[in-house]
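*Asks:* Would you mind keeping the following structure in view while I ask a few things?
The values are calculated or read from the model by the stated rules, or taken from the named source; none is laboratory data. As the structure is a prediction and not an experimental result, all values here were calculated from the model. Using ideal geometry, Cβ is built from the backbone for each residue, glycine included, and neighbour counts are taken over all protein chains shown. Areas reflect the complete protein model, heavy atoms only, side chains present, ligands, DNA and RNA absent. Shrake-Rupley method; radii C 1.70, N 1.55, O 1.52, S 1.80 Å.
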Amino acid sequence: MLKKVLIANRGEIALRVLRACKEQGIGTVAVHSTADADAMHVRLADESVCIGPPDARESYLNIPQILAACEITEADAVHPGYGFLSENARFAEILAAHNVTFIGPSAEHIDTMGDKIAAKATVKRLGIPVVPGSDGAINSVAEARKLADEMGYPVLVKAAAGGGGRGMKVAPTADALEDAINTARAEARAAFGDDALYLEKYLGNPRHIEVQVFGDGKGGAVHLGERDCSLQRRHQKVWEEALSPVITPEQRDAIGEIASKAVAALGYAGAGTIEFLYEDGQFYFIEMNTRLQVEHPVTEAITGLDLVTEQLRVAAGMGLSVQQSDIEFRGHAIECRINAEHPVTFRPSPGLIDAFHPSGGLGVRVDSAVYAGYRIPPYYDSLIGKLIVHGDTREIAISRLARALDEFVISGIDSTLPLFRRLVREPDVLAGDYSIHWLERWLDEQASA
Ligand code: ADP
């Protein structure tokens, strides 16, 4: 096994990785910015190194500083968590050049999947169904117009380097296409320094369903079922479930097999998520994330597997602890992302948490790094924590979630807890009847009510 892992992240995910390392008897190194000197992951790690000022570009994204921290502490591996450097192929390469193991796939796989045009071409070749659209980048408005006329409107203009919903614009009709291209291009250039765009058919009412895959690093791979992340605001996931309420066991086996075969054919190592839109019984690939996802705990709940430990095993060359035939899905799990934001306006609300009491009891898990007396810094994302519930059936999970939300206490700052307390009682949510547009529409209705 690995001996000492440096965790190049902060917040709940740093703690999540640290817990797995501790359970495996692996030494832990926390890195932190000056704003995070009191953070939980820093307190609990065996060693810690301050890597810079609050601005993430000078700390959590500062590759030379992180590398220096590896050298000082003699860490033999780095876990990047999610966000920050987790999908940075250059980081993976630099670590490898310094004999430090990157806990994740190869730089080549990160690169391919990080370019959504290349990713789409690659998975299509491996038999994964994709959203109809341009075969590569669109080079001119005229070219886009021709293709869009053939596909039919609405179409979606997307950035090859896209992420977090940025660089994505819908053109409902031909009149709107040129503007959509110009806006998406400008946004992509500003956000990613790469303005390559491609075109997709805009699906009217899909669900977002993603398959968790794991390559063993030895040419084998498994899938761990799907997660339904259709409840989104501004293309950001808010609520995630495993398994999806609308997928049959036969569909699960079929898409899971396609996904794991593709991953095996790539020789992929570690955790990955193949994201699909799902409409009228069909799956359409949109992207692959080459890292652990925020919503991985729902998969852990239904499979009983520790995904971070599996990542550590694969990185150490030990392969996975299970084969496909060992994997069984038990019950239903739901995760709510609780943010430090106003529950109606979504205005960020950093500041001092004066009381904090996470829910507990049977089937309840809270992944969070905050505590009463903790001050949420304004520099990073607004996630306070994730509430995950598990029950034998979806109905049990939902009533457990309602109960757990009611007892959760966060005071001193605004949080999105009240939003979830309403959502968990909405008939469409209770019925599992929602597409990726449901939440935005519901929020609009609430705002105008
Ligand atoms: P990002 O990497 O920026 O998150 P994705 O390609 O994963 O971008 O898409 C994010 C979200 O945008 C999806 O979950 C879905 O809600 C919406 N979306 C993406 N592609 C389409 C499409 N072709 N039709 C309709 N909605 C889409």
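*Asks:* Nearest 5 is fine: what % of DSSP beta bridges in the chain come out antiparallel, could you say?
*Replies:* Just about 80 percent of them are antiparallel.
*Asks:* Now for a different question. When Lys and Arg each count +1 and Asp and Glu each count -1, what net charge do the other residues less than 14 Å away from Glu71, Cβ to Cβ, add up to?
*Replies:* It works out to a net charge of -2.
*Asks:* With a 1.4 Å probe and every protein chain left in place, tell me how much accessible area Lys116 has, in Å² to the nearest 10.
*Replies:* Accessible area, nearest 10 Å²: 20 Å².
*Asks:* Multiply the residue gap between Ser321 and Ala96 by 0.36 nm, knock off their C-alpha separation, and tell me the result in nm, one decimal place.
*Replies:* Contour length minus Cα-Cα distance gives 78.5 nm.
*Asks:* Explain nothing, just the number: relative contact order of the chain, from Cα pairs under 8 Å at least 6 residues apart, as a whole percent.
*Replies:* 14
*Asks:* Take each of the peptides 432-440, 216-224, average the number of other beta-carbon atoms within 10 Å over its residues, and list them starting from the highest.
*Replies:* Top to bottom by mean Cβ count within 10 Å: 216-224, 432-440.
*Asks:* Could you tell me the largest-minus-smallest coordinate of the C-alpha atoms of segment 363-427 on each of the three principal axes, in descending order and whole angstroms?
*Replies:* Here the Cα extents, ordered largest to smallest, are 38, 21, 19 Å.
*Asks:* Now for a separate question. Between the alpha-carbon centers of segment 285-325 and segment 64-132, tell me the distance in whole angstrom.
*Replies:* Taking the Cα centre of each part, segment 285-325 and segment 64-132 sit 16 Å apart.
*Asks:* Here's something else I'd like to know. Measure off, as a whole percent, the carbon and sulfur share of the 1.4 Å-probe accessible area of the chain, all protein chains present.
*Replies:* 49
*Asks:* Averaged per residue, what accessible area in Å² does the chain show with a 1.4 Å probe, protein chains only?
*Replies:* Here the residues of the chain average 40 Å² of exposed surface.
*Asks:* Continuing with this model, one more query. Between Glu150 and Asp392, how many nm apart are label points set 7 Å from Cα along the C-beta direction?
*Replies:* Spacing of the two 7 Å Cα→Cβ label points: 5.5 nm.
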